[in-house]
Amino acid sequence: QFRREPTSYYTPTSGFGRALRILQRKKSVRVGVTGLGAGVTAAFCRPGDYFRFYELNPLALQVAKSQFTFYGDCPADKDVYLGDGRLVMERQAGQQFDLIAMDAFSSDSVPVHLLTREAFELFNRHLRPGGVLTINVSNRYLDLIPVVTRNARDTGMTAVLVIDDENERDYYASTSWVVCSRDK
């Protein structure tokens, strides 16, 4: 019954969930996700959508496929590119993503090269006009919001903070996401 229900930081009311659901009202979507993890973002997949995951750790892909059902149950076309998401994206032509989800953090360790102005310029290159960049800034130790909003502004994007304290289910986590787009 709950096999494809998103959990953790990816609830339907999170910044990622809200932005993706709005985009999915219009048509099928192209989504890029840095950080596969358990594959929870794949719970949002629909037939006709395309999801591309960038994952640094090959073990994460193995775990997502063998220990969780989100990725395997995803009815969208999907690919996983192994390697550092930013470095892989630098070598690719613009992907025309409707949404990029930037959530490559682990254990509250922030890969700072994903939060630079240059990274935002790269993400913009991979977004279609009107595309959305969502960044999970939930962190126990660092206030990432000023860095992310400044880089969004400096690269021509509007940034909105979405704080989600959804406690409807035990497996939902409180989150903070910054949702950025060149389309106000």
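Taken together, the residues in segment 128-155 that are of a type outside the set (K, R), more than 20 Å from T175 (Cβ to Cβ) and in contact with a Phe, Trp or Tyr (Cβ under 9 Å, 6 or more places away or on another chain) amount to 3.
Taking the listed residues A104, A119, the one that is in contact with a Leu (Cβ under 9 Å, 6 or more places away or on another chain) and modelled with pLDDT under 95 is A104, with no other qualifying.
Considering every residue within segment 51-66, establish whether at least one is at positive phi and of a type in the set (S, T, N, Q). No: segment 51-66 contains no residue that is at positive phi and of a type in the set (S, T, N, Q). Scanning segment 110-167 for residues that are farther than 25 Å from Q24 by Cα and among the acidic types (D, E) gives E118, D143, D154. Within segment 113-134, can one find any residue that is farther than 18 Å from Y50 by Cβ, in a strand (DSSP E or B) and either under 16 Å from the mean Cα position of the chain (by Cα) or in contact (Cβ under 8 Å) with a residue 60 or more places away in the chain (or both)? No: zero hits.
Checking each residue in segment 21-30 for being of a type outside the set (G, A, S) and open to solvent by 10 Å² or more (accessible area, probe 1.4 Å) picks out R21, I22, L23, Q24, R25, K26, K27, R30. Filtering segment 134-184 to residues that are open to solvent by 80 Å² or more (accessible area, probe 1.4 Å), more than 30 Å from Q96 (Cβ to Cβ) and either at pLDDT 95 or above or of a type in the set (S, T, N, Q) (or both) leaves only N167.
For segment 31-53, the set of residues classified as in contact (Cβ under 8 Å) with a residue 40 or more places away in the chain, open to solvent by less than 10 Å² (accessible area, probe 1.4 Å) and either among the charged types (D, E, K, R) or more than 18 Å from P12 (Cα to Cα) (or both) consists of T34 only.
Residues that are open to solvent by 10 Å² or more (accessible area, probe 1.4 Å), touching a residue at least 12 places away in the same chain (Cβ under 8 Å) and in contact with a helix residue (DSSP H, G or I) (Cβ under 8 Å, 6 or more places away or on another chain) within segment 8-20 comprise S8, Y9, Y10, listed in sequence order.
The values are calculated or read from the model by the stated rules, or taken from the named source; none is laboratory data. Small disclaimer: the values here were computed from a predicted structure and weren't measured. All Cβ positions, even for glycine, are placed from backbone atoms using ideal geometry, and neighbour counts span all protein chains on display. SASA here: full protein model, heavy atoms, side chains in, ligands and nucleic acids out. Shrake-Rupley method; radii C 1.70, N 1.55, O 1.52, S 1.80 Å.
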